[in-house]
Amino acid sequence: MQKNNKNNFKNKDFHNNINQNNQNVKATTLEEDEIDIKEEKIHTDIKKIPDSEKVDYSRFKNIPISNQYVNKPNTTYIFAVGGLDEVGKNSYAIEHNEETIMVDYGIKFASSDLLGINGIIANTAYFVENKRPIEMLLITHGHEDHIGGIPYLLQTTDVKKICAPVLATELIKRRLSEFKNLKCNPEIIPYDDNSVFKTKYFEIDFFRVCHSIPDSFGMCIKTPDGRIVSAGDYRYDFGKDTDDTNIHKLVEMSNRGIDVFLSESTNSDQPGFSISEDNIINNVETLIKNAKGRTFVATFASNLGRIEKIIERAIKLGRRVCIMGRSMESNIKTSKKLGYLKISETDFISAKEVANCKDNQVLIVLTGSQGEEMAALNQMAEGKYQKLALKTTDTIIMSSNPIPGNFKSVETLVNKLYKQGVILHTNSPNFRIHSSGHATIQELQMMFKILKPKYLIPIHGESKMLSAMKRNAKAIGIDPNNVFVLTNGLKVELKNHVLTQTNNRIDAAPIYIDKKVASKSTTDLINKRKVLSEEGIFNVIVMVDFQAKKVVKNPMLTTRGCFFAKDSSSLISKISFSIKDEIEKALSSGETSKQKISDLINKTVKFYVWKNKKKNPIVTTTIFDN
């Protein structure tokens, strides 16, 4: 009995514990459910974007593309030829009646999957087809994504004048000297802070901005229907070694009444203010000072402001400077010519002279920070550079961030450099050796507050950046309905200070550059290369006796990159016999054109290959007349 009582006591205790645990479990479950609900609410609040801030990109698909000129008379039109939904090939046009002015005409560097292509530029077929010359090409600054396409523009399009800052003027002249087949030779006019240009319908004046290259400007364009401001690329940096954004002139322009602001959006999703360039230079100087051996600084050739300061600091530390990379060398020469870089020739050495100096007395400034395949830094990383081989005592400073589209190339380069055993420094939040030249959220909002535009058109950015601009604008009280997120080629209409979207969309398909040639045929070639890489090629050789109206022997078929012919012998036989039958039917009905027989072969091959292999190859035909 005692045993039973003891067991009963235990069982009772056990049941009490179970009940207690069940209550605890229920309580815990309720608490966890409440936490889950709260967390779900938090996540919902974070993810949900108000409808007023959303950008409906699907609407662009329903707008037909046509280069026909349908502008209304006495109305101002604004549109991007390039620079929207991308970073690069910036080009923005403003039209009024017969007159057109354009802001910038840059290049976009080809990604690694575009083999054989040197770059991409904006499509100007609309201007050529409608015989509309560019009255004035206005340049904001000398970066390649704003001036790099000019030689190709002048191959096809009539440009009357180019107006650019002094440094950009010299860079443009140097680039044009490398090209011979230019359609026109426009006058290149340098401008400064006080310049004013007038055409029949437009009046333009300028304001200086802070960017990563000296001599950077924005502009105010007065049109018959309102004032448009394009700020170019800008940021705010009140350090002693940089150009200031001219806030006083911006305020004066704001007092005139700004209708439309074309604002860059590259860093529109980055909070805060940019770190000062002075801090970047000081950090790079610290790394150079602590380096035991040779020091390499890789950055953009166009980042002349930073390059100049790094060279000056390195010389003070007792190092001699070697410049590598054709664009870097050319930009340094231009900078010295204009007086931006005041350094003696004796402080520079050639690549051959590097070996004659002590390692801790050498600074090498070079391009290749974006992982470009043929750049000196990449060749060194692969151990293929003949002029110079890397040592394990070398320090390499990557004073840049990957631009969109280059992340893979840069990561590959970084891994190659680590394999060489060098000391590598890349930009990081803990130690900044690069600062963007583009405005962050607060800097963009500061510009909005100063200019007080009625309408905002985000430019110079990918889709996510353009969309972020709409949210940033709303956050400081700008009506989201007054923010026009557009796509390349789509025109907006400015009439009596009111901006409205049109259904007038011109062809803005990109134009690819093959060596020094840019044309529609190059673009077609790229499309064929893409099809070839994805779908393959199907070759047909057939001998036809046109007099006897029959095919001599069965057609010979070969495939590359489409499917393995040996593994599909029955399909190959079926296609071969079908081609023969179709040709002989056509011959019997009196067809004698080789082109039409070739089209018939193409149609037959594509039908059977798609039906059986779900491939759409390029079909090549060779027809021999027996």
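The values are calculated or read from the model by the stated rules, or taken from the named source; none is laboratory data. Bear in mind that the values here come from a model prediction, so they are computed numbers and not experimental data. Cβ coordinates were reconstructed from backbone atoms using ideal geometry, including for glycine residues, and neighbour counts include every protein chain displayed. The area values use the complete protein model at the heavy-atom level, side chains included, leaving out ligands, DNA and RNA. Shrake-Rupley method; radii C 1.70, N 1.55, O 1.52, S 1.80 Å.
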Practice prompt. Would you point out which residue out of LEU363, LEU341 is closer than 23 Å to HIS434 by Cβ, surrounded by 16 or more Cβ atoms within 10 Å (Cβ to Cβ) and modelled with pLDDT of 90 or more?
Written response: LEU363
Practice prompt. Kindly indicate whether any position in the range 73-88 is surrounded by fewer than 18 Cβ atoms within 10 Å (Cβ to Cβ) and modelled with pLDDT under 95.
Written response: no
Discussion item. Tell me whether the range 205-219 contains one or more residues that are assigned to a helix (DSSP H, G or I), open to solvent by 10 Å² or more (accessible area, probe 1.4 Å) and of a type in the set (S, T, N, Q).
Written reply: no
Practice prompt. May I ask you to list the residues in the range 532-551 that are of a type in the set (A, V, I, L, M, F, W, C) and either modelled with pLDDT of 90 or more or surrounded by 13 or more Cβ atoms within 10 Å (Cβ to Cβ) (or both)?
Written response: LEU532, ILE537, PHE538, VAL540, ILE541, VAL542, MET543, VAL544, PHE546, VAL551
Worksheet entry | Options GLU372, GLU353, GLU308; residue that is assigned to a helix (DSSP H, G or I), open to solvent by 40 Å² or more (accessible area, probe 1.4 Å) and at pLDDT below 95 | GLU353
Worksheet item: ILE247 versus (1) in contact with a helix residue (DSSP H, G or I) (Cβ under 7 Å, 6 or more places away or on another chain); (2) at positive phi: which is the lone unmet condition?
Response: (2)
Worksheet, complete the sentence: Of (1) touching a helix residue (DSSP H, G or I) at 6+ places or on another chain (Cβ under 7 Å); (2) assigned to a strand (DSSP E or B), LEU499 satisfies every one except (1)
Worksheet, complete the sentence: Taking the range 248-303 and keeping residues open to solvent by 60 Å² or more (accessible area, probe 1.4 Å), over 23 Å from LEU341 (Cα atoms) and within 28 Å of the chain's Cα centre (by Cα) leaves ASP269, GLN270, PRO271, PHE273
Fill in: Residues that are surrounded by fewer than 24 Cβ atoms within 10 Å (Cβ to Cβ) and either modelled with pLDDT of 95 or more or in a helix (DSSP H, G or I) (or both), drawn from the range 473-482
LYS474, ALA475, PRO480, ASN481, ASN482
Item to complete: Kindly indicate the residue of the range 116-150 that is part of a helix (DSSP H, G or I) and charged (D, E, K, R) and also surrounded by the most Cβ atoms within 10 Å (Cβ to Cβ) among those meeting that condition.
Response: ASP145
Fill in: Pairs where the first residue, in the range 540-556, is on the phi < 0 side of the Ramachandran plot and the second is of a type in the set (Phe, Trp, Tyr), C-beta under 6 Å, 6+ apart
MET543/PHE624
Worksheet item: Of everything in the range 600-619 that's open to solvent by 50 Å² or more (accessible area, probe 1.4 Å) and polar (S, T, N, Q), which residue is farthest from the chain's Cα centre (by Cα)?
Response: ASN612
Worksheet item: For residues in the range 322-331 being under 21 Å from LEU388 (Cα atoms) and out of contact with any Asp or Glu (no Cβ under 6 Å at 6 or more places or on another chain), which is surrounded by the fewest Cβ atoms within 10 Å (Cβ to Cβ)?
Response: ARG326
Worksheet item: For the range 375-391, what are the residues that are open to solvent by 20 Å² or more (accessible area, probe 1.4 Å) and in a helix (DSSP H, G or I)?
Response: GLN379
Worksheet item: Listed residues ILE247, ILE204, ILE213; which is over 30 Å from SER400 (Cβ atoms) and touching a residue at least 24 places away in the same chain (Cβ under 8 Å)?
Response: ILE204
Worksheet item: Conditions: (1) closer than 30 Å to LEU182 by Cα; (2) surrounded by 13 or more Cβ atoms within 10 Å (Cβ to Cβ). ASP524 meets all but one. Number of the miss?
Response: (2)
Item to complete: Please find, among ILE117, ILE162, ILE139, the residue that is modelled with pLDDT under 95 and touching a helix residue (DSSP H, G or I) at 6+ places or on another chain (Cβ under 7 Å).
Response: ILE117
